[in-house]
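Input: a single structure, listed below in structure tokens.
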Amino acid sequence: MSDKRINVGIIGMGFGKEFIPIYQSHPNGGKIAICSRTKSTLEKLGEQYGIPESLQYTDWHEMIKNPELDAIHVVTPVMDHYPMVMEALNAGKHAACTIPMATTIAQCRDIVEAARRSGKVYMMMETSLYTREYLYAKKLNEEGKFGRIQFIRSDHTQNMAMDGWPAYWQGFPPFLNGTHALSPVISLLGKRPLSVVAHGSGHLSEERAGKYGLPFAGVTATFRFADTDVVAESTRWINEVIRQCREGFDVYGTQMSFEWEQIIDDGHVLYTGTDDAEKIHCPDTDSLLPPEIARFTRREAVSDMTHTSFRQGVGHGGSHPHLVEQFLRAIVENRKAEVNEIVAATITCAGICAHISAMNDSVRVEIPDFGFGREHQ
């Protein structure tokens, strides 16, 4: 492994602060800069992690200008992703960003072009592609254990009407941020999504419906893909439906099927025959990581389980050190990240197109071709 050190600036100290010790512990991690609108937050984290005042910012524009920083990691509210990533790439920085990539097809195209033009690494930090469950199912699939996949479905259900979530989530169209549900099904199939038909269900209260113009409580979408007869179904709701948080997927094959647990920690179900089923708990993924950051994949490694994202999502499935590993390794090895701009745009725009379909009487909507499956050719 190269001993090159990458200096990273992290924008957003909500759950973004969880990445500080991972970058500091990674063998390719260098200096860490942090950015928050709240000065007291910076002072507290600076003292906790030994980050000098010169690397603490309340202005993200100023952070991006710092010539010492090689990369910017954006962990901010959804509407900030596009401008921050574009500014980072245009400044010649590598850029990582929490989900979604952006909220319009045009914005996704802009980021793809900016990454191409800059020659820098872009990575969408999609936690659902590095959870214990996804990596377990991915291995089963790579080993051919499912046989021929016949059907796949996913859902992301989360009650963001509860206390603790920022106000902008109230009434937010779920498939404008649909990547937690769509990333596993698209990635497991490995095929380019061609089109989508989506149906809205139920209705939101007038106050929430009026905020973004979305009338529906939830949306269910079905996707068709290139070079396969498999159809994927995905459901999203985030307001005014009562359920425990679930970022899950189910895979049905000719030899084996996997169903996500219905209740957190109840156990996922593996089917190996019509009457042969067992509950399983997917193992931690320490062995897939450099030893310096392996401990961060365990649930207890999350320092602030009071944050709503962790409390509902059970620590993001141990994904954080995998995200750091993938981002830094792509930079050091001068290659595209696994969840690069092409993959990110494909997944994000599949969700945007589902939203467009639901808002237009469930018309079939064609999904843009960004070159998914050809990005490494």
### Query
Mind checking which residues of segment 27-67 are open to solvent by less than 30 Å² (accessible area, probe 1.4 Å) and β-branched (Val, Ile, Thr)?
Ile32, Ile34, Ile51, Ile64
### Summary
Of those in segment 178-201 that are open to solvent by 20 Å² or more (accessible area, probe 1.4 Å) and either aliphatic (A, V, I, L, M) or free of Cβ contacts under 8 Å to residues at least 40 places away in the same chain (or both), the residue farthest from Arg224 (Cα to Cα) is Ser201
### Message
I'd like to know if segment 47-54 contains one or more residues that are of a type in the set (Phe, Trp, Tyr) and either in contact with a Lys or Arg (Cβ under 6 Å, 6 or more places away or on another chain) or part of a helix (DSSP H, G or I) (or both).
### Response
yes
### Task
Identify, by number, the condition in (1) among the small types (Gly, Ala, Ser); (2) free of Cβ contacts under 8 Å to residues at least 24 places away in the same chain; (3) at positive phi that Ala167 doesn't meet.
(3)
### Query
Is there a residue in segment 57-78 that is within 25 Å of Ser183 (Cβ to Cβ), in contact (Cβ under 8 Å) with a residue 40 or more places away in the chain, part of a helix (DSSP H, G or I) and in contact with a Phe, Trp or Tyr (Cβ under 6 Å, 6 or more places away or on another chain)?
no
### Query
Pick from segment 301-340 the residues that are at pLDDT below 60 and among the charged types (D, E, K, R): which of them is surrounded by the fewest Cβ atoms within 10 Å (Cβ to Cβ)?
Asp304
#### Entry: Count - residues of segment 233-281 that are in contact (Cβ under 8 Å) with a residue 24 or more places away in the chain, small (Gly, Ala, Ser) and more than 29 Å from Tyr168 (Cα to Cα)
2
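For every residue, the table says whether it meets (1) within 11 Å of the chain's Cα centre (by Cα); (2) without any contact (Cβ under 8 Å) to a residue 40 or more places away in the chain.
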| residue | (1), (2) |
| --- | --- |
| Cys97 | yes, yes |
| Met101 | yes, no |
| Ala106 | no, yes |
| Asp110 | no, yes |
| Arg117 | no, yes |
| Leu129 | yes, no |
### Query
Which residues, taken from segment 116-131, are surrounded by fewer than 24 Cβ atoms within 10 Å (Cβ to Cβ) and either in a loop (DSSP other than H, G, I, E, B) or among the hydrophobic types (A, V, I, L, M, F, W, C) (or both)?
Gly119, Lys120
### Message
Considering only residues that are assigned to a loop (DSSP other than H, G, I, E, B) and hydroxyl-bearing (Ser, Thr, Tyr), which ones fall in segment 80-109?
### Response
Thr98, Thr103, Thr104
### Query
Do you know which residues across segment 133-157 are part of a loop (DSSP other than H, G, I, E, B) and open to solvent by 10 Å² or more (accessible area, probe 1.4 Å)?
Glu143, Gly144, Lys145, Gly147, Arg148
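This table checks each residue for (1) in contact with a strand residue (DSSP E or B) (Cβ under 9 Å, 6 or more places away or on another chain); (2) crowded, with 19+ Cβ neighbours inside 10 Å; (3) aromatic (Phe, Trp, Tyr); (4) at pLDDT below 95.
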residue: Gln244; (1), (2), (3), (4): yes, no, no, yes
residue: Phe249; (1), (2), (3), (4): yes, yes, yes, no
residue: Ser257; (1), (2), (3), (4): yes, yes, no, no
residue: Asp265; (1), (2), (3), (4): no, no, no, yes
residue: Val269; (1), (2), (3), (4): yes, no, no, no
residue: Thr272; (1), (2), (3), (4): yes, no, no, no
residue: Asp275; (1), (2), (3), (4): no, no, no, yes
residue: Glu278; (1), (2), (3), (4): yes, no, no, no
residue: Thr285; (1), (2), (3), (4): no, yes, no, yes
## Note on the structure
Selection from segment 68-88 of residues β-branched (Val, Ile, Thr) and surrounded by fewer than 23 Cβ atoms within 10 Å (Cβ to Cβ) yields Val75, Thr76, Val78
### Task
Read through the list (1) part of a loop (DSSP other than H, G, I, E, B); (2) in contact (Cβ under 8 Å) with a residue 40 or more places away in the chain; (3) open to solvent by 10 Å² or more (accessible area, probe 1.4 Å); (4) within 30 Å of Phe19 (Cα to Cα), then give the number of the only condition that Ser362 fails.
(4)
## Note on the structure
In segment 163-187, anything of a type in the set (A, V, I, L, M), modelled with pLDDT of 95 or more and over 14 Å from Gly200 (Cα atoms) is listed as Ala181, Leu182, Val185, Ile186
#### Entry: The listed residue being over 25 Å from His322 (Cβ atoms) and over 25 Å from the mean Cα position of the chain (by Cα), out of Glu43, Glu87
Glu43
### Task
May I ask you to list the residues in segment 54-82 that are of a type outside the set (Ser, Thr, Tyr) and within 18 Å of the chain's Cα centre (by Cα)?
Ile72, His73, Val74, Val75, Pro77, Val78, Met79, Asp80, His81
### Query
Residues in segment 202-242 that are open to solvent by less than 60 Å² (accessible area, probe 1.4 Å) and in a loop (DSSP other than H, G, I, E, B): how many?
15
### Query
Residues Tyr130, Tyr136: which one is within 28 Å of Met84 (Cα to Cα) and modelled with pLDDT of 95 or more?
Tyr130
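The values are calculated or read from the model by the stated rules, or taken from the named source; none is laboratory data. This is a predicted model, so every value here is computed, not measured. When we count neighbours, we look across all protein chains shown, and the Cβ atoms used for this are built from the backbone with ideal geometry, even at glycine. All accessible areas refer to the heavy atoms of the entire protein, side chains included, with ligands and DNA or RNA removed. Shrake-Rupley method; radii C 1.70, N 1.55, O 1.52, S 1.80 Å.
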